[in-house]
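Step one of this worksheet: look at the structure below.
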Amino acid sequence: MIYLDNAATTEPCAESVKACSEYFREFGNPSSLHEMGVSAANAVAAARKSIATALKADVNEIYFTSCATESNNTAIFGAAKKFGKRKKTIVTSAVEHPSVKEPLKELEKQGFNVVRIMPKDGVFYAEDFVNAVDDDTFLVTCMYCNNELGTVLPVEQIFKAVKHKNKQILTHCDIVQGFMKYPIKVKTLGADMLSMSAHKVNAFKGIGALYINSSVHIPSLIFGGGQERGFRSGTESVPLIASFGAAVDKLAPTISRRFEQVGILADLLRNEIAALPDSRINSPENGSPYIVSFSLKGYRSEILLHKLEEREIYVSSGSACSKGKKSSVLTAFGIPDEYADSTLRVSLSAENTREDILSLVSALKDAQKELLKSN
Ligand code: PLP
């Protein structure tokens with residue numbers, strides 16, 4: 001099996017599996033006052049520290065959620081709840097993940113005004129975000145790395161310039177496709193809120209985190225037993241939280257080594273694909289090496305995907321979340337329709353090898369020949 005769909009989800013590493021199974025057996029509730037509860041609370045605290053350390057944040061600035069979708073929803077609806085009576089405008093990029101895009105559409109239905117910044121020839125400029133911000137703006141939300149193409153947005157410049165124009169504006173970044181791939185630090189990025197997902201960093205599905213700068217108060221959306229310092233009630237999923245912490249501990253020291261390793265694989269893949277007939281590389285050269293999107297004109301994505309699947313090679317068509325629907329993100333990035341329909345997304349991990357890439361390319365060549373013959 002050759003797994004090249006790491007932007008959709010990743011294989012849990014041995015460390016996260018071990019941490020998780022330990023707390024499946026040790027099943028205490030972190031809120032219990034007895035020994036079992038204390039042990040569970042310690043596991044949650046240790047994982048919180050791992051994530052805080054990786055981001056150079058304070059432990060009190062990390063809140064566990066059920067996934068990045070919840071983190072994004074919490075940041076957006078929380079900001080709207082805080083400011084909504086006085087201010088109505090949110091500025092965002094036109095290429096956000098549905099977990100940002102859809103909450104914003106929902107806010108539009110409630111009377112909020114959403115300004116979506118488009119890339120110009122595939123490139124985002126910080127000044128376009130800054131120019132869109134006015135006295136009515138209360139939130140700028142912009143992803144770090146696009147999940148379909150790997151485009152890295154100039155978040156640091158955007159947030160700094162926006163804050164310079166109006167200090168009161170909240171900044172939120174969905175760092176799901178950048179976390180543990182880039183050395184993201186909260187102060188450098190200038191973000192008030194950051195969303196993360198565990199299953200994209202070799203831990204389990206069903207757990208995410210939200211960073212909120214300690215100087216910012218965001219009202220809660222979930223009320224109950226007062227867990228997560230009263231911000232996000234609900235008994236903590238200790239096994240999943242422990243798995244998240246263990247995966248972050250494992251990945252944090254190897255960010256630059258993995259980046260280089262994956263970069264070599266991405267270059268090989270780009271060169272091999274460029275040599276195929278009717279091919280187009282959609283990902284920008286200066287994007288994340290972890291994501292390489294390309295098209296083979298005339299061959300439908302889904303057909304190619306299933307041809308690869310016959311050889312146990314797993315990739316994605318566009319992004320897993322678009323599930324065959326035409327991607328508005330590819331359109332925003334200016335990918336012509338005849339290429340958009342035949343887009344494949346390969347998303348790499350440091351576990352992939354040169355042989356994986358060569359097997360993929362060889363399978364694509366065979367698929368091109370076979371499909372041409374059957375036409
Ligand atoms: N944001 C981005 C950029 C993503 O790629 C994803 C998942 O594909 C999410 C958010 C949602 O993450 P989760 O599956 O944890 O809800």
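The values are calculated or read from the model by the stated rules, or taken from the named source; none is laboratory data. This one's a predicted model, so the numbers in the text were calculated from it and none came from an experiment. All Cβ positions, even for glycine, are placed from backbone atoms using ideal geometry, and neighbour counts span all protein chains on display. Note: areas computed on protein heavy atoms with side chains; ligands, DNA, RNA excluded. Shrake-Rupley method; radii C 1.70, N 1.55, O 1.52, S 1.80 Å.
Say whether the condition of being under 25 Å from GLY150 (Cα atoms), of a type in the set (A, V, I, L, M, F, W, C) and either surrounded by 14 or more Cβ atoms within 10 Å (Cβ to Cβ) or touching a Cys at 6+ places or on another chain (Cβ under 8 Å) (or both) is met by at least one residue in region 227-246. There is at least one residue in region 227-246 that is under 25 Å from GLY150 (Cα atoms), of a type in the set (A, V, I, L, M, F, W, C) and either surrounded by 14 or more Cβ atoms within 10 Å (Cβ to Cβ) or touching a Cys at 6+ places or on another chain (Cβ under 8 Å) (or both). Looking across region 191-204 at every residue that is open to solvent by less than 20 Å² (accessible area, probe 1.4 Å) and of a type outside the set (A, V, I, L, M, F, W, C), the one that is nearest to the ligand (Cβ to nearest atom) is identified as SER197. For region 98-112, a tally of residues being within 20 Å of ALA68 (Cβ to Cβ) and either without any contact (Cβ under 8 Å) to a residue 60 or more places away in the chain or open to solvent by 70 Å² or more (accessible area, probe 1.4 Å) (or both) returns 7. Hey, does region 43-50 have a residue that's in contact with a strand residue (DSSP E or B) (Cβ under 6 Å, 6 or more places away or on another chain) and either assigned by TED's automatic domain parsing to the domain that holds ILE158 or away from the ligand (no atom under 16 Å from the Cβ) (or both)? Yes.
So which residues in region 30-45 are in contact (Cβ under 8 Å) with a residue 60 or more places away in the chain and crowded, with 16+ Cβ neighbours inside 10 Å?
PRO30, ALA40, ALA43, VAL44
Cβ-Cβ distances below 6 Å connect the following pairs, each with a first residue in region 4-20 that is open to solvent by 20 Å² or more (accessible area, probe 1.4 Å) and within 16 Å of the ligand (Cβ to nearest atom), a second residue that is of a type outside the set (D, E, K, R) and part of a helix (DSSP H, G or I), and a separation of six or more residues or different chains: THR9/HIS199. Across region 312-331, the qualifying residues are those that are at pLDDT below 70 and more than 14 Å from the ligand (Cβ to nearest atom), and the one among them that is least open to solvent (accessible area, probe 1.4 Å) is GLY324. Taking region 58-94 as the range and being outside any helix (DSSP H, G or I) and of a type in the set (S, T, N, Q) as the test, the residues that pass are THR65, SER66, THR89, THR92, SER93. Within the option set VAL115, VAL162, being part of a strand (DSSP E or B) and either assigned by TED's automatic domain parsing to the domain that holds ASN73 or modelled with pLDDT of 95 or more (or both) holds for one residue only, VAL115.
Suppose we filter VAL95, VAL115 for residues that are among the hydrophobic types (A, V, I, L, M, F, W, C) and touching a residue at least 60 places away in the same chain (Cβ under 8 Å); which single one remains?
VAL95
Only a single criterion out of (1) free of Cβ contacts under 8 Å to residues at least 40 places away in the same chain; (2) β-branched (Val, Ile, Thr); (3) more than 16 Å from the ligand (Cβ to nearest atom) is not satisfied by VAL133, namely (1). If the condition is being aliphatic (A, V, I, L, M) and in a strand (DSSP E or B), then region 125-159 contributes LEU139, VAL140, VAL152.
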